[in-house]
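Structure first, then comments.
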Amino acid sequence: MTEIDASENFPVNPRYGRETKTLEELVASRLSRRTALAGLGSLGLSACAGTADGVLQPAAARGATFSFAEIERAMDETHHVAEGYRADVLIRWGDPLFSDSAAFDPYRQSAGAQRRQFGYNNDYIGYLALPRRGKNERALLCVNHEYTSAPLMFPDVAKNYPQSMTREYCEIEMAAHGGSVVEIERTNGKWTVVVGSPFNRRITADTTPMTLSGPAGGHERLRTKTDPDGVTVAGMMNNCAGGMTPWGTYLSGEENINGNFMGTLASGHREAGNHKRMGIPGGWFQWGRYFDRFDIGKEPNEPNRYGWIVEIDPLDPQAKPVKRTALGRFKHEGCETVLAPDGRLVIYMGDDQRFEYVYKFVTKGRYDPRSRAANRNLLDEGTLYVARFDASGEVTWLPLIHGQGPLTSENGFLSQADVVIEARRASDLLGATPMDRPEDVEPDQKSGRVWLMCTNNDRRSPEQVDAANPRAANKFGHIIEIREPNGDFAATRSRWEILIRCGDPSDPATGAAWNPATSKDGWFGSPDNGAVDPAGRLWVATDGNDDTGSADGLWAITTDGPERGTGRAFFRCPVGAELCGPRFSNSGESLFVAVQHPGDGPQQGQTTFENPSTRWPDFAEKMPPRPSVIVITKIGGGPVGS
Ligand code: FEO
Ligand code: CA
Ligand code: CA
Ligand code: CA
């Protein structure tokens with residue numbers, strides 16, 4: 001999600017504004033910054049040099065370079081892709097998923113219709129290959145629908161917003177949140193949606209019962225009037241980025257859940273500190289006017305049932321999704337998975353808010369590649385860690401385990417349930433490093449490296465600068481590379497360095513640092529989602545590059561060799577949109593991207609259904625802009641980016 005909420009999204013980390021550093025710490029941070037800067041041009045060589053620091057041999061043999069011709073920096077009403085590629089609209093908000101779905105009519109939209117149509121603001125895209133049908137490739141796409149923009153979605157709402165939000169509009173919003181599972185098929189080179197596929201599914205914020213499992217499942221802090229056992233919740237919402245497990249389930253991260261709640265807690269309520277730490281109630285949505293559970297004065301525990309990672313089985317549309325509480329509760333961005341050498345699954349997660357943390361979860365049990373059923377509850381047990389980035393270049397992964405260190409009853413943690421419900425406060429006490437809005441965290445199974453996108457943080461003061469967040473008022477964000485020792489993703493000590501300080505490298509005031517080989521179009525600001533392609537190459541999508549005067553889009557990043565730290569512009573969004581969900585097919589020949597909130601901007605929140613900044617992708621009179629998934633392929637065939 002972009003900055004629609006950011007102006008209201010004040011940091012809630014109590015360490016913000018209070019953190020002070022010793023002189024030694026400041027000097028160490030500055031030294032590290034200088035070393036990182038001076039080394040940027042040559043780091044590629046040292047990073048490739050061997051295993052002295054425990055890094056696996058990276059991708060030299062895996063094709064770490066790109067040969068496409070870049071697109072230019074610009075902003076206009078439509079999308080653009082590098083020459084030699086096609087970028088086709090695959091599915092749009094409101095498109096039918098089922099044979100009985102109503103045709104999309106934005107002037108007569110209803111909650112019932114929306115529940116059978118593709119949702120709004122597509123974000124994460126998961127890809128699960130299915131067996132071919134004849135010669136045709138088939139796959140399931142697992143797509144998150146992060147949030148709704150009512151003034152752009154509904155006619156006549158903007159003028160008197162939010163008072164204009166009726167109960168019916170709120171129900172449509174709930175139906176447009178959540179996720180979609182969609183079968184797609186490739187016939188004669190062209191992907192299309194299989195309407196009516198038995199796999200197709202809509203998951204919404206209010207009509208998809210889900211189980212709460214793991215340490216907080218059934219805990220009294222998750223119990224409500226409608227669910228006295230604290231084990232079943234009505235849906236999921238604010239689903240931002242995500243991941244896929246090796247056994248083919250779809251993991252969906254609930255992010256800005258605070259915005260969906262309104263109301264006031266009774267004075268002295270036990271959840272007061274917890275809700276404050278999550279920014280609850282945000283009051284951005286009007287649902288609490290009509291539905292008691294979104295009013296914390298009436299249902300104070302309801303927010304504790306959101307902010308989790310949800311596991312969904314796309315192969316079984318009847319399967320109840322499960323919120324895996326062992327993975328912690330915060331504003332989840334992605335949850336990308338990778339296997340440790342011993343077969344345990346490791347999941348990397350960002351908590352996207354200013355001054356929040358980076359986490360990883362390591363399962364207790366091992367992935368069983370022979371039995372899908374054996375992995376069913378693998379995510380219910382394991383260790384959740386939070387990262388401390390030291391100026392020495394080491395990452396220490398601090399375990400969030402009840403009874404260890406400060407996570408005891410003296411500090412209000414009576415069990416592991418309290419630790420996961422209040423993962424942010426537990427991490428505060430452990431001394432985790434407050435980051436510049438950590439979004440996607442993208443591991444590469446083959447090289448043992450992990451790329452962390454810190455999108456930006458305009459509220460970091462000069463006193464709060466540290467080695468891993470080296471710029472005050474960080475408008476453009478940065479990308480950190482973590483190296484797990486000898487590819488052991490379960491390690492509790494790793495190495496890190498800054499790969500790129502984003503922004504315009506020709507303007508010294510930005511403090512940007514790219515490989516000098518980066519072209520005038522190859523730099524960007526506000527990295528958000530990432531993907532590693534089958535050749536081990538990193539691709540980064542942006543949310544906020546429009547602040548630099550050019551639309552958001554997708555860049556290929558060279559991470560090895562003399563051009564390490566170079567960006568190359570590949571795809572550009574229509575005006576107002578951010579780009580989410582880059583996801584490659586297993587062959588690397590198809591690339592799926594999610595264009596989110598087209599027409600909402602350049603100044604977000606200023607455009608309306610009646611006056612959007614673009615009517616992409618239909619460009620039909622009176623048709624609003626429609627968030628859509630695009631599929632990109634190379635004309636004539638071959639891997640994308642080759
Ligand atoms: Fe939903 Fe952090 O972007
Ligand atoms: Ca995001
Ligand atoms: Ca974002
Ligand atoms: Ca990703």
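The values are calculated or read from the model by the stated rules, or taken from the named source; none is laboratory data. Fair warning: this is a prediction, and the values are worked out from it, not measured in the lab. Virtual Cβ from ideal backbone geometry, glycine too; neighbours counted across all protein chains shown. Heads up: the accessible areas ignore ligands, DNA and RNA and are worked out on the full protein's heavy atoms, side chains in. Shrake-Rupley method; radii C 1.70, N 1.55, O 1.52, S 1.80 Å.
What is the magnitude of the charge dipole of the chain about its Cα centre, with +1 placed on the Cβ of each Lys and Arg, -1 on the Cβ of each Asp and Glu, and no other charges, expressed in debye to the nearest 20?
1020 debye
To the nearest Å, what is the center-to-center distance of the range 165-184 and the range 362-381, using C-alpha atoms only?
Measuring centre to centre over Cα atoms gives 31 Å.
Assigning unit charges at the beta carbon (Lys, Arg +1; Asp, Glu -1) and nothing else, what dipole magnitude in debye, to the nearest 20, does the range 401-473 show about its Cα centre?
That gives a dipole near 140 debye.
Go through 209-215, 337-343, 629-635 and give me the packing order, highest mean Cβ count within 10 Å leading.
629-635, 209-215, 337-343
As a check on your grasp of the helix formula, calculate [θ] at 222 nm for the chain: sum -39500 (n - 2.57) over DSSP H runs of n ≥ 4, divide by the residue count, round to the nearest 500.
It comes out at -2500 deg cm²/dmol, rounded to the nearest 500.
Which value, in debye to the nearest 20, describes the size of the charge dipole of the range 467-522 about its Cα centre when Lys and Arg Cβ atoms bear +1, Asp and Glu Cβ atoms bear -1, and nothing else is charged?
Its charge dipole is roughly 160 debye.
For the charge dipole of the chain, defined by +1 on Lys and Arg C-beta atoms and -1 on Asp and Glu C-beta atoms about the Cα centroid, which residue among Gln109, Ile421, Val465 has the Cα displaced farthest towards the positive pole?
Towards the positive end, the residue furthest out is Ile421.
Can you tell me which lysines have their Cα less than 21 Å from the Cα of Lys360? Leave out same-chain residues fewer than eight positions away.
Straight-distance partners of Lys360: Lys323, Lys331, Lys446.
Can you check how the C-alpha radius of gyration of the range 507-609 compares to 2.2 N^0.38 Å, as a plain ratio?
1.12
Mind pulling the per residue volume of the convex hull built on the Cα atoms of the range 206-317? Å³ is fine.
110 Å³
How big is the Cα convex hull of the range 350-484 in projection, averaged over all directions, in nm²?
9.5 nm²
Compare the Cα positions of Thr187, Thr166, Pro215 along the charge dipole of the range 105-241 (+1 at Cβ of Lys, Arg; -1 at Cβ of Asp, Glu; about the Cα centre) and return the one farthest towards the positive end.
The residue sitting most towards the positive pole is Thr187.
Let me make sure I get this right: for the range 76-150, a, b and c are the square roots of the gyration tensor eigenvalues over alpha carbons, sorted descending. Under 1.5 in a/c it's rounded, otherwise prolate if a/b > b/c, else oblate. Which is it?
Oblate, since a/c reaches 1.5 and b/c is not below a/b.
With label points built 7 Å along Cα→Cβ from the Cα atoms of His269 and Arg289, find their separation and express it in nm.
Reported label-point gap for His269 and Arg289 is 2.0 nm.
So what is Rg over Rh here for the range 387-442, counting just Cα atoms and using Kirkwood for Rh?
1.02
Based on the alpha carbon coordinates of the chain, what radius of gyration and maximum Cα-Cα distance (Dmax) apply, in Å?
Expressed in Å, the Cα Rg and Dmax of the chain come to 22.8, 68.
What whole-number distance in Å separates the alpha-carbon centres of the range 390-426 and the range 230-262?
22 Å
Leaving out ligands, DNA and RNA but keeping every protein chain, what accessible area does Asp444 have, in Å² rounded to the nearest 10, with a 1.4 Å probe?
My reading of the accessible area for Asp444 is about 10 Å².
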